[in-house]
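Following: one structure in structure tokens, then a few remarks.
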Amino acid sequence: MTEPSYAGPVSASALLQQPPPARDFDVLVVGAGPAGSAAALAAARAGCSVALLERGPYPGSKNVYGGVVYGRILDELVPQWWEEMPVERWVTRRSTMVMTADQALTVDFRSQRWGTAPYNGATAHRSDLDGWLAGHAVAAGAVLVPATVATGLLRTTAGTVVGVRTDRPDGDLTAKVVIACDGVNSFLAKEAGLHPRQDNARHLTLGVKETLALPREVIEQRFGLTGRDGQDIEILGCTRGIPGGGFLYTNLESVSLGVVVGLPGLAAAKVRPEELLADLKAHPAIAPLVRGGRQVEYAAHLIPEGGYDHLPELAGDGLLVAGDAAGMCLAAGIWLEGVNFAIGAGMYAGRAAAAAIGAGDTSQAGLAGYRRALERSFVLADHRKLRKVPGLVLSERMQRQYPGLICDLAEGLFEVDNPRPKPGVWRLLRTAVRRHDISPRRLLADAITGMRAFG
Amino acid sequence: MAEQPLVVAALSPADPLGGADQAALEHTLRLAEALGGRSLAVTVGPAGAEEVLRQALACGVQRVLRIDGPAAADSDTTARALVAGLGLVPDLLLCGDRSSGRGTGATPAFLAARLGAAQALGLTELLLREGELTAVRRIDGRRREQLTVPLPAVCSVERGSARLRRAALPALLAARTAEIQVATVALPEPRQPVRLGPARPYRPRPLVLPAPVGTDPLARIRALTETDRPRTAARVITPAGPEAAVDELLGYLREHGYLAHLTREDDQC
Amino acid sequence: MTGQPGEDYREISFDDRMEGTEFRVSERAHITVDTEVCDSCTVRSCLHVCPAKLFVPRADGGILFNFEQCFECGACYQVCDAEGAITWTYPDGGLGVVFRKG
């Protein structure tokens, strides 16, 4: 090694004149998050020798999410996963809240079926969850190498990826296939030229989250829960019109309160993220739920919310990309998912890598089975189906006008304004539309777009 | 000193390595290089303790040895096990100044005594200067003192006294599957440790008052609660000096029975 | 907004907010900022988007930057309009932020 190099937006590949005669591993997975561990697990199960690199001291130490994971995809990898996954609470109450500064309308659904096997959503801490899944990869034979940063790709002069360079002394590792699960910043995928557009910031949101400790009984009382049942509240209209939303999730003895906002919108509004969080925490609909919570951790992370239309190339010669590195977070209004997409993508990437190695062709064409498998599965089918939703949800009208419209409608409906007779719903709608300066034509158009997008 | 001096890192078996143990390991590697000697990492514990030895191997120690024994023994037992397992007096033995958790830092002292070696404990710096082992430790008043340590010696170092080097990738991978040498030693029956009971809040001794005088219960209660006693205004005195004030106070306390158990002589001191 | 409980919350200092998060600080600054570029920058998005508040305006109009308590999110280099003001890298393996909850 000559100059020390570091992983960053300008990290460069080390070029090898000759492909290395022998490889250290069949498959090299960068990043032991859900995508990486699923990829390592699938590849190791398929008989490959696998190394799993993690830049943090332990899996999950660099990772943040809202707090809810949907484990159904794990049925394929870890049967009966619910008996061993480190879960805080099983989500049995799913609420969507639309708010203005002094109003809030909540649609609250509860199903006790989600509180028993085979379960649906769960709250969990990432340090527990990621470590658990990485443990499965290790048990399947993968070699976990923590506290090690992949600083760049090793490529032949023809451009084929043959390994990575790490920041350890003598840190080059070679492999037949590299699976980049290196997260939202994915310097490896960018270095390989898989992200064509450079306007990435437009499709990024910033999430900030407080973990607030509260006694278990207090959480049960405030959220109407028993045992390991939990609540998931998604919030729209809490971001001062900046495209985004908020969330409040219950863990066993803490709650996760967070705000997610578009990066360009945040910069343009000249508002700091913790101010939005403070607003939300002081809102009359939220304050009584989180009062007295002792902050145990403050965290932040970027989220790729570009959706199907902004996915990078998913394969190169000797290289696959999965998880946040491939922009696979689904932020589609009522659905906010990411970890399940990461696990699914990682699993298909691991299998595709193993299949390509078995067939002796790890070129981009040889790895094309990955994209095909994703398109057939929920991973890209959901993204494809909901490709118009992110734009709609983050639109100006959805963020600035519709929360007020909805809340005013509800207020008009439930307010008893005697001696005046009750207004009809149409009159209420007309008044609210006028008050919020909404074009009825746009409202109708958005309604139709919404129907089509979610259809 | 032998042809090839032996530098030993005695690590506590807790995984991951604590800060002080990391510093001890780094000093071991540096001093083995400086002395042109061999390095050895050793720990006392069950099979699970091998993880810290693999970390030591990855960082570059030449040999590792696990001495089979309980992970959490008292300092003297740990020292006995180490001495028996090593089977020789190393030129230099390094420890963290205390293991993470509730370490007392007594193991290195026991080790030095049993090995008959010099000891220098709680060091913030340790290096070889002109062929002599030089160390620095904290003393009162934020001062530091410099020590010159003869060999053989047992030294313990503070966390942060050296930053552990990063393991090279090939060594890290090789250490995962390396064979770990195990020594079994005969240890005396562990002595019964002092057992701790539950902690109680501080409770002052009860004030003993003379039994109230009175013929009927009501009078006795009145006497006890002093409800009958006429209230007197506070007495303001202006003593001549500190000594007069002390006499006044003691006199008052004695008069009200608070100093009954003290003699006059006690007053003097 | 009426919430009385929110008001005492707002008094939480930023330092208190960061207190629960663990950082294993590296000797190497993993992010460096060419503050000469910043001096001529009018947008200054970094001041608002950095969730760890590492970019602080200086009295003389410049920008002061600290790398120590960084979440390593990448928001700053993503919004930095001035070409090359921020040199951004991950900290060395095992160092930097360590999330216990995430």
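Would you mind checking the tilt of helix A:273-282 against the longest principal axis of the Cα atoms of chain A, expressed as 0 to 90 degrees and rounded to 10? It is inclined by approximately 40 degrees. In this entry, segment B:6-184 is assigned a mean projected area of 9.6 nm², taken as a quarter of its C-alpha convex hull surface.
For chain B, the longest principal axis of the C-alpha atoms and the axis of helix B:242-255 are separated by about 70°. With each label modelled as a point 7 angstrom along the Cα→C-beta vector, the B:Leu151-A:Asp309 pair spans 7.2 nm. In segment B:145-186, what residues drop by 20 Å² or more of accessible area when the other protein chains are put back, versus the chain on its own? Use 1.4 Å, and skip ligands and nucleic acids. Residues passing the criterion (a loss of at least 20 Å², heavy atoms only) are B:Arg163, B:Arg166, B:Ala167, B:Ala168, B:Leu169, B:Pro170, B:Leu172, B:Leu173, B:Arg176. Helix B:75-86 sits at what angle to the longest principal axis of chain B, using alpha carbons and giving 0 to 90 degrees rounded to 10? The two axes meet at around 10 degrees. Note on chain A: Cα convex hull, mean projected area over all directions, 23.3 nm².
Ordered from highest to lowest accessible area with the whole protein assembly present and a 1.4 Å probe, A:Phe25, A:Phe109 read as A:Phe109, A:Phe25.
Rolled with a 1.4 Å probe across the full set of protein chains, the surface gives C:Val33 an accessible area near 30 Å². Using every pair of distinct Cα positions in segment A:201-304, the Kirkwood expression returns a hydrodynamic radius of 14.0 angstrom. Counting heavy atoms of the protein chains alone, A:Glu76 has an accessible area of about 100 Å² for a 1.4 Å probe.
Peptide A:56-69 has a mean of 4 when you count, residue by residue, the C-beta atoms of other protein chains within 10 Å of its C-beta. Taking 7 Å steps out from each Cα toward its Cβ at A:Lys270 and A:Thr431 produces label points 3.7 nm apart. When both segment A:132-156 and segment A:287-351 are represented by their alpha-carbon centers, they are found 19 Å apart. Segment B:1-27 and segment A:47-68 have Cα centres lying 30 Å from one another. For the protein assembly as shown, the Kirkwood hydrodynamic radius from C-alpha pairs, put into Stokes-Einstein at 10 °C and a viscosity of 1.306 mPa s, yields a diffusion coefficient of 51 µm² per second.
The heavy atoms of B:Asp247 offer some 100 square angstrom of accessible surface to a 1.4 angstrom probe.
For the chain pair A and C, the interface hides roughly 4400 square angstrom of accessible area in total, found with a 1.4 Å probe. Remark: mean inter-chain Cβ contacts per residue of A:277-289 equal 4, using a 10 Å Cβ-Cβ cutoff to other protein chain atoms. Set the Cα radius of gyration of chain C against 2.2 N^0.38 Å, with N its number of residues, and you get 1.21.
Let me know the shape class of segment B:1-92, please: from the alpha-carbon gyration tensor, a ≥ b ≥ c as square roots of the eigenvalues, rounded when a/c is under 1.5, otherwise prolate if a/b is greater than b/c, or oblate. Here segment B:1-92 falls in the oblate category.
These residues, B:Ile221, C:Ile31, go from largest to smallest accessible area, 1.4 Å probe, as B:Ile221, C:Ile31. Distance between the C-alpha centres of segment A:202-272 and segment B:182-231: 51 Å, rounded to the whole angstrom.
Between A:Thr116 and B:Gln62, the modelled label-to-label distance comes to 6.6 nm, taking each label 7 Å out from Cα in the direction of the beta carbon. Averaged per residue, the protein assembly as shown has 48 square angstrom of accessible surface, using a 1.4 angstrom probe with ligands and nucleic acids left out.
My understanding is that a pair violates if its Cα-Cα distance is over 26 Å; which of A:Lys209/A:Lys270; A:Lys176/A:Lys388; A:Lys281/C:Lys101 do that in this structure? The pairs that break the limit, which is 26 Å between Cα atoms, are A:Lys176/A:Lys388. What does a probe at A:Val107 reach in segment A:433-455, counting residues whose amide N is under 13 Å from the point 7 Å along Cα→Cβ? Residues A:450-451, A:454-455 qualify, since their backbone N sits under 13 Å from the label point.
The values are calculated or read from the model by the stated rules, or taken from the named source; none is laboratory data. Everything numeric in this text was worked out from a predicted model, so none of it was measured. Glycine also receives a Cβ, built like all others from the backbone with ideal geometry; neighbour counts cover every protein chain displayed. Remember, those area values only see protein heavy atoms, side chains included, never the ligands or the DNA or RNA. Shrake-Rupley method; radii C 1.70, N 1.55, O 1.52, S 1.80 Å.
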